[in-house]
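Contents: one structure, followed by commentary.
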Amino acid sequence: MENKDEVIRVGIADAKISRSKILKTYGLGSCVGAAIYDLNNELAGMAHIMLPDSAASREKQLNRNKYADTALTDLVKALEMEGGNKTNFKAKIAGGSQMFQFSNTNPVIRIGQRNVEAVIEILSNLNIPIISKDVGGNYGRTMEFNPVNGMMIISTAGKGKIQL
Amino acid sequence: MTDTISEKKLDLLKEIGNIGTAHAATSLSQLLNRKVDMEVPTIKVVDLSEAIEVVGGAEQLILSVLIQITGDIEGNMFFILKPDQKNDFIKEAAGLKWTESEEMFASVMNEIANVLCGSYISALSDFTGLAMYNSVPSLAIDMAGSILSVGLVEAAMHSDQVIILDGMLSTGNAAGENFDIFILLFPDPNSFDKIFKKLGVYEIGE
């Protein structure tokens, strides 16, 4: 049983910071969920990223939480503002599936893989090590992250729950 | 764009959804040889987070066939059924039992969705005079959020708001339950201006 008050829900194209409370995002398909955390401070942030690169955006007003580059950079800043120490920062990521199998080369269909590649590259540029990841495949995932013990739990429709 | 769309334009999109869904209903009725009820289709202008909740929440398990539309109008069309009705549905629609292989199931399900969505799409293409081509169908049974977000990728590059044409068909089955089938159309944002222009809907100042 989970106490609803103790879970901070992260929507699609959204990001949240949490001290101690569990962060959770539902139904990741081609999107990537990324948790960046500082265990010493029991502090973590989670983003539900839809697209790899804000440079490709045609939005009038950019939603920075939607894109891998801007979402992760902002998450790091927000964690530092909350007293996190960047040298402690680590990351866990999940998602980036290809939900539908099409033989065509429509780049939208490969968006999951492109999201994963972008998140890995940006975290590497930020010098944040990825401690574990559960990415790819052809199924959806719900991701939760506990800032107190650094554990990520992935639930799927067909394969049950795993802890990473 | 979506934040400034007028009532007049929304009414036109609703009419388009009406025509398409009605044709899909006729196809389904022929397939099942039974009366099919159609809910008046709605047009939803919603945030991304609401868009993945339109069929009962991001974690809700759904059976979905996706057909991608290209041409003058582009977008994604989802045929959606409750997963626990899949055996009954396929038995009535195609006379098949679930005991046959998964591959066979997917292939038949894809074909049924193709017929329904195909009538929707060709009716829409006829009405607007705009070219629309449908991709081969593809089946997935999974969480609604993970499935519907595939249809939001293109729209999300333009805005945090999306427009969804939401149609629902309902018909009783042999066991006395209802099959509820959703047909959702997520048009890509670039398509709207083409539709409005072709059908002569302009705002003052445009």
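Search segment B:42-57 for residues that are within 12 Å of another protein chain (Cβ to nearest Cβ) and pair each with any residue that is assigned to a loop (DSSP other than H, G, I, E, B) and open to solvent by 50 Å² or more (accessible area, probe 1.4 Å) when their beta-carbon atoms are under 8 Å apart and the residues are at least 6 apart or on different chains. Close Cβ pairs (under 8 Å, with a partner that is assigned to a loop (DSSP other than H, G, I, E, B) and open to solvent by 50 Å² or more (accessible area, probe 1.4 Å)) amount to B:Asp47/B:Asp160; B:Leu48/B:Asp160. B:Val54 meets each of the listed conditions (1) open to solvent by 20 Å² or more (accessible area, probe 1.4 Å); (2) farther than 30 Å from A:Gly160 by Cα apart from (2).
Cβ separations smaller than 6 Å between residues 6+ apart or across chains give the following pairs from segment A:81-93 residues that are without any contact (Cβ under 8 Å) to a residue 60 or more places away in the chain to residues that are assigned to a loop (DSSP other than H, G, I, E, B) and surrounded by fewer than 23 Cβ atoms within 10 Å (Cβ to Cβ): A:Phe89/A:Ile128; A:Ala91/A:Ile128.
Hey, does segment B:127-139 have a residue that's more than 14 Å from chain A (Cβ to nearest Cβ) and not hydrophobic (A, V, I, L, M, F, W, C)? Can you show your working first?
Just the residues of segment B:127-139 that are more than 14 Å from chain A (Cβ to nearest Cβ), to begin with: B:127-132.
Then keep just the ones that are not hydrophobic (A, V, I, L, M, F, W, C); that gives B:128-129.
Checked against the condition, which is being more than 14 Å from chain A (Cβ to nearest Cβ) and not hydrophobic (A, V, I, L, M, F, W, C), segment B:127-139 yields at least one hit.
Inspection of segment A:90-105 identifies at least one residue that is under 15 Å from the mean Cα position of the chain (by Cα), on the phi > 0 side of the Ramachandran plot and either more than 14 Å from chain B (Cβ to nearest Cβ) or surrounded by 22 or more Cβ atoms within 10 Å (Cβ to Cβ) (or both). Report yes if some residue within segment B:152-174 is more than 9 Å from chain A (Cβ to nearest Cβ), surrounded by fewer than 23 Cβ atoms within 10 Å (Cβ to Cβ), more than 16 Å from the chain's Cα centre (by Cα) and part of a loop (DSSP other than H, G, I, E, B); otherwise report no. Yes, there is a match, as at least one residue in segment B:152-174 is more than 9 Å from chain A (Cβ to nearest Cβ), surrounded by fewer than 23 Cβ atoms within 10 Å (Cβ to Cβ), more than 16 Å from the chain's Cα centre (by Cα) and part of a loop (DSSP other than H, G, I, E, B). Residues in segment A:55-64 that are within 19 Å of A:Lys16 (Cβ to Cβ) and either more than 8 Å from chain B (Cβ to nearest Cβ) or free of Cβ contacts under 8 Å to residues at least 12 places away in the same chain (or both): A:Leu62, A:Arg64.
Here is the figure for segment B:64-81: residues that are closer than 10 Å to B:Ile147 by Cα and over 13 Å from the mean Cα position of the chain (by Cα) total 0.
Quick one: is A:Ile49 away from chain B (no Cβ under 14 Å), under 18 Å from B:Gly145 (Cβ atoms) and at pLDDT 95 or above? Steps first, answer last, please.
Numbers: away from chain B (no Cβ under 14 Å): no; under 18 Å from B:Gly145 (Cβ atoms): yes; at pLDDT 95 or above: yes.
Taking the combined requirement at face value, the residue does not satisfy it.
For segment B:65-72, check the following and say yes or no: at least one residue is within 14 Å of chain A (Cβ to nearest Cβ), of a type in the set (S, T, N, Q), surrounded by fewer than 17 Cβ atoms within 10 Å (Cβ to Cβ) and closer than 23 Å to B:Gly129 by Cα.
The first filter runs over segment B:65-72 and keeps only residues within 14 Å of chain A (Cβ to nearest Cβ), leaving B:65-71.
Remaining after also requiring of a type in the set (S, T, N, Q): B:68, B:70.
Going one step further and asking which of them are surrounded by fewer than 17 Cβ atoms within 10 Å (Cβ to Cβ), we end up with B:70.
If we keep only those that are closer than 23 Å to B:Gly129 by Cα as well, we get B:70.
Within segment B:65-72 (the criterion being within 14 Å of chain A (Cβ to nearest Cβ), of a type in the set (S, T, N, Q), surrounded by fewer than 17 Cβ atoms within 10 Å (Cβ to Cβ) and closer than 23 Å to B:Gly129 by Cα), the answer is yes, since at least one residue qualifies.
Is one or more of the residues making up segment A:54-61 in a strand (DSSP E or B), of a type in the set (A, V, I, L, M, F, W, C), open to solvent by 30 Å² or more (accessible area, probe 1.4 Å) and more than 12 Å from B:Ala156 (Cα to Cα)? For segment A:54-61, residues in a strand (DSSP E or B), of a type in the set (A, V, I, L, M, F, W, C), open to solvent by 30 Å² or more (accessible area, probe 1.4 Å) and more than 12 Å from B:Ala156 (Cα to Cα): absent. Only strands (runs of 3 or more DSSP E) whose full extent lies in segment B:3-102 are considered here, and the ones with at least 3 residues that are touching a Ser or Thr at 6+ places or on another chain (Cβ under 8 Å) are B:61-71, B:75-81. Each residue in segment B:48-77 was checked for being touching a strand residue (DSSP E or B) at 6+ places or on another chain (Cβ under 6 Å) and under 21 Å from B:Leu12 (Cα atoms), and 8 pass.
Screening A:Ile8 on (1) out of contact with any Leu (no Cβ under 6 Å at 6 or more places or on another chain); (2) open to solvent by 30 Å² or more (accessible area, probe 1.4 Å) shows it passes everything except condition (1). Scanning segment B:124-144 turns up one or more residues that are surrounded by fewer than 18 Cβ atoms within 10 Å (Cβ to Cβ) and part of a helix (DSSP H, G or I).
Screening segment A:119-141 for residues that are within 13 Å of chain B (Cβ to nearest Cβ) and either in contact with a Leu (Cβ under 7 Å, 6 or more places away or on another chain) or of a type in the set (Phe, Trp, Tyr) (or both) and picking the one that is most open to solvent (accessible area, probe 1.4 Å) gives A:Tyr139. Among all positions in segment A:17-30, there is at least one residue which is open to solvent by less than 10 Å² (accessible area, probe 1.4 Å), on the phi > 0 side of the Ramachandran plot and either more than 11 Å from the chain's Cα centre (by Cα) or more than 14 Å from chain B (Cβ to nearest Cβ) (or both).
The values are calculated or read from the model by the stated rules, or taken from the named source; none is laboratory data. Everything numeric here is computed off the predicted structure, so don't read it as measured data. Ideal geometry is used to build each Cβ from the backbone, glycine not excepted, and the neighbour counts take in all protein chains shown. Just so you know, the surface numbers come from the protein's heavy atoms only, side chains and all, with ligands and any DNA or RNA stripped out. Shrake-Rupley method; radii C 1.70, N 1.55, O 1.52, S 1.80 Å.
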